Amino acid sequence: MNELVPLLAGFSGVLDIWVLLAIFAGVLIGLVVGAMPGLGPLIGIVLLTPFAAALQPVTGMTLLIAVYVGGSSGGAVSAILLRIPGTPLAAATMLDGAPMAAKGEVGRALGLAVGASALGGLLGGLFLVALAPLLAEAALNFGPPEYFALCVLGLLSIAAVSFGSGVKGLIVGLVGFLLTSVGIDRFSGAERFTFGMDALLGGINLVPIVVGLFAVSEVLVQLGARAQTNSPITAARVSFAGLIEALGLGRTILRAGTIGTFMGALPGVGGAISSFVAYGVERTASRDTDSFGTGNPRGVIAAESANNACCGGTLVPSMALGIPGDGTSAILIGALILLGYYPGPNLFSDAPDVVGGIFAGYLLANIALLALGALLVPVLVRILRVPQSYLLPVVLLLAATGTYALQGAVFDLWVMMGFGLLGYGLRRGGFPLPPLVIGAILGPLCEENFRRSLLISGGDLGIFVERPISLAALILATGALAIIVMPTRWRARLTPSSAKGPK
């Protein structure tokens, strides 16, 4: 029962009117950005992080997590209506959702997607509540060598499963790692790579890095593509019968949600891959395999249950160990740090109210998704018809406003624009962006624990292989490095082709 203590401690805080409003606003925003092709929950979280940092901790984090939940489901709307997944998470949903829409079952398909997303997310939340405290309790026995080894494993794992070249993912991750060396060294007090600029003494703020890399670079990419996406469907609404049908297929939701949760907890796997795996498992388990891809409702339910359950799974190592599972959870960790709390095992004992508030907020966000998803589909259809020439300036304005408001520093705007250009160049060159953010998150933790380990051992590197947990993590990291450097044709066999998507 100890794992329920943080949740119970946070319920009183999450029932505050401002927290509830943040949850509903976050789900609403997530649905909108998730439904817009090319945006998705990551962009929504990036844009709102500066604003969330000015709120109370539970309010700010529940706002961002609600965007995560809503955005993970919103992509199904455009996938079903346009045959264009709003996010890579909804690519598997399109396989049966779009054929259902072509048959005139738009409302049913949307009802199945919304219902499965909410129930899968709730299942992932239950796993989060149960597993994260247990993992955190075990992590209390970790020392600096274990944390260093886990950081190395996390960075290499993300690079190993990055879309495209693993070597490119590793290079970008190391760039993010090196960015954390700018500023005053915490151990010696020496200035590092400041080039005489006072603005760099405190290091490079994470927010302008993230906003520039994702939001600004996305604007530049969309401007270059000049794509205009208009929905051929002028009206649509969720079928209540579809929602009830999703509730009745509990076995499919349980199977797919469990797959999504545990794959989400693995660094670098993410919702896109987990949804395709769950879809494949459901198809294999079905007696009517030929109907998948032609409008089988179980295909929609399996994909949506898995990708939303993956959100809860991703938060397990993020909250318990402070090690992000993907780019989105890395930004959530960064937001929590901006709010003054460091994720990891000590957070569960030092701030159980914050942990419980985040857990309860995640569960309530999925309940809100069930209501808002059913009511707002007609609005989302209209939003899908908004020309991007109107949308992109709003995204850029929000990016600049949020970045400047965080510290009131013009320098941050220059950093944002610089990383926007860098992100655009990296994307044009086929380099994935999430490893850079994860490197920037893990960099300080990795460096500090490496140096502390050497202080403990008197400079003996053997300390990292003398302890079983750090040794096991380094062995796994070596395996991830082997995947990175192996020939591309071999890597292609290990990466599901259907899970490949935009960087």
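What to note about this one:
- Each peptide in 128-139, 306-317 receives the mean, over its residues, of other Cβ atoms within 10 Å, and ordering these scores from highest gives 306-317, 128-139.
- For the pair A409 and S389 in one chain, pulling the backbone fully straight at 0.36 nm per residue adds 4.3 nm over the alpha carbon distance.
- Distant-in-sequence amide H partners of I184 (H built 1.01 Å from N, under 5 Å): R192, G203
- According to the Kirkwood relation over distinct C-alpha pairs, the hydrodynamic radius of the range 283-409 is 18.4 Å.
- Global geometry of the range 353-479, whether rounded, prolate or oblate, following the gyration tensor of its Cα atoms and the 1.5 cut on a/c: prolate
- Cβ crowding within 10 Å averaged over residues, with 175-185, 331-341 ranked highest first: 331-341, 175-185
- Shown in residue order for the range 181-187 are the 3J(HN,Hα) couplings computed by the Karplus curve 6.51 cos²θ - 1.76 cosθ + 1.60 at θ = phi - 60°: 7, 6, x, 7, 5, 5, 8 Hz (x for Gly and Pro).
- Altogether, the Stokes-Einstein calculation at 37 °C and 0.692 mPa s, with the Kirkwood radius of the range 396-440 over Cα pairs as Rh, returns a diffusion coefficient of 286 µm²/s.
- Separation of the range 288-314 from the range 92-154 is 12 Å, based on Cα centroids.
- Accessible surface of M319, taken over heavy atoms with a 1.4 Å probe and every protein chain present, rounds to 10 Å².
The values are calculated or read from the model by the stated rules, or taken from the named source; none is laboratory data. Computed from a prediction, not measured in an experiment: that's the story for all the values here. Cβ atoms come from the backbone with ideal geometry, glycine included; neighbour counts cover every protein chain shown. We work out accessible area using only protein heavy atoms, side chains counted, and drop any ligands, DNA or RNA first. Shrake-Rupley method; radii C 1.70, N 1.55, O 1.52, S 1.80 Å.
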